[in-house]
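Notes follow the structure.
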Amino acid sequence: MSDVVYPNHLGIIMDGNGRWAKEKGLNRSVGHKAGADNLVNLLDYIYNNTSIKVVSLYAFSTENFKREKNEVDYLMKLFVTLFNTKLESIKKNNVKVVFSGRRENLPKAVLDSMDKTTDDTKDNTKGILNICLNYGGDYEIVDMTKKIARQVLNGSLNIEDITKEVVNKNFYQDLPPLDFVIRTSGEKRISNFMIYQSSYAEYDFPDTYFPDFDSKCLEESLDNYRKRDRRFGNAK
Ligand code: FPP
C-alpha cells in the first residue's frame, strides 16, 4: 500500500439511494438503509486498506430538510442507529469521528448520538471521519465569518491577523484541504459540499448509485485520481 498514491483527504457525496430503490420498486427508505450498510463496509475498507487519512461524507444537507417528513424522519433514525451501533467498527479502528454542520433543527436523539460518538472517539489517532450533517458550504462560510467578527469585536483578534489558517480554524472542523471528491450516481454537481475546502480538489462522477458503490468502484475512482496532473496553479 505504501508506494500507491492515495488522496490524503477524500470527500464522498453519497448520491443515488432514492433512485437505487425506485429502480427496484422499493421505498426510498430502503435505498438509504442500503446506502448506510454500504457506507460501513466502504469505511472499513478505506481505513484498513488505504493510506487515506481523512474522509468527509455528505450525509444530509441543510436543503434536505425540504424533503417529505417521513423520509427526513427515517434518515434521522438511521443516523442514530449508525452512530450508536453500526459505526462501532470505525471506533475500534482508532478513527476520530467529527461533525460539520448546524445543530439547529436536528432532533435531540441525533444530537445526543453525535455528541457521544465525538466524545468516544476524541482521542483516536489513525484517521478522521468528518460527517457533514445539516451542512451547507455557504452556511459554513457565514458561520465562520460570524465567529471571526466576534473575535475582532471583543479584541481577541486583529483584522490584519486574519489569515487562511485563521479562516480554517474557524470552520466547523480544522481539516486539511480536500484532494479528491467522488459524487456517485452520475450527477455532476457539488451541491454546496465543502466549497472552500475543495478549491483545488479533483473530482470523479461515477454513474453507480451509492448503495452499489463498493471498494472495487472506489479503487476505480482512485485510479482516475492517480491519472490527474495536479498543478495547483503552477505552469506545466
Ligand atoms: C442522497 O441520495 C443521499 C442522502 C441525502 C442521504 C445519504 C445518507 C446515507 C447514505 C446514510 C448514511 C450516512 C451517514 C453518513 C450516517 P438521494 O436520496 O438524493 O438519492 P436520489 O438522488 O436518487 O433521489
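Some points to look at:
- Packing rank of 55-64, 80-89, where each peptide gets the mean count of other beta carbons within 10 Å, highest leading: 55-64, 80-89
- Eligible lysines near residue 188 by straight Cα distance, threshold 22 Å, same-chain separation 8 or greater: 22, 66, 216, 227
- 16 Å Cα-Cα reach of residue 24 towards lysines, excluding residues that sit fewer than 8 places from it in its own chain: 33
- Lysine pair number, Cα distance threshold 17 Å (strictly under), the range 85-135, separation 8 or more or different chains: 12
- Extended-chain gain in nm, criterion 0.36 nm per residue less alpha-carbon gap, residue 189 and residue 102: 29.1 nm
- Prolate/oblate/rounded label for the range 84-211 (Cα gyration tensor, a/c 1.5): oblate
- Rg and Dmax of the range 1-128, both derived from C-alpha coordinates alone, stand at 15.3, 48 Å.
- Rounded to the nearest 500, the 222 nm mean residue ellipticity of the chain from helices alone is -12500 deg cm²/dmol, with -39,500 (n - 2.57) taken per DSSP H run of at least 4 residues.
- For the chain, the orientation-averaged shadow of the C-alpha convex hull comes to 14.5 nm² (one quarter of the hull surface).
- Cα gyration tensor shape of the range 20-64, rounded if a/c is under 1.5, else prolate or oblate by comparing a/b with b/c: oblate
- Remark: relative contact order (the range 94-150) = 52 percent; criterion is Cα-Cα distance under 8 angstrom and separation of 6 or more residues.
- Positive dipole terminus of the chain, leading residue within 196, 235, 97 (C-beta point charges): 196
- Within the range 162-212, the proportion of C-alpha pairs whose separation exceeds 16 Å stands at 49%.
- Lys, Arg +1 and Asp, Glu -1 on Cβ, resulting dipole of the range 49-141 about Cα centre, debye, nearest 20: 280
- Averaging the sequence gap over all C-alpha pairs within less than 8 Å and six or more residues apart, then dividing by the number of residues, gives the range 85-236 a relative contact order of 19 percent.
- Only Lys, Arg, Asp and Glu carry charge here, each on its Cβ (+1 for the first two, -1 for the last two); on that basis the chain has a dipole of about 240 debye about its Cα centre.
- The fewest-to-most ranking of 4, 54 by surrounding Cβ atoms within 10 Å reads 4, 54.
Read-outs throughout are calculated quantities, based only on the coordinates presented, and are distinct from any laboratory measurement. Note that the structure is predicted; figures quoted are calculated from it, not measured. Don't worry about glycine lacking a Cβ; one is built from the backbone with ideal geometry, like all the others, and counts go over all protein chains shown.
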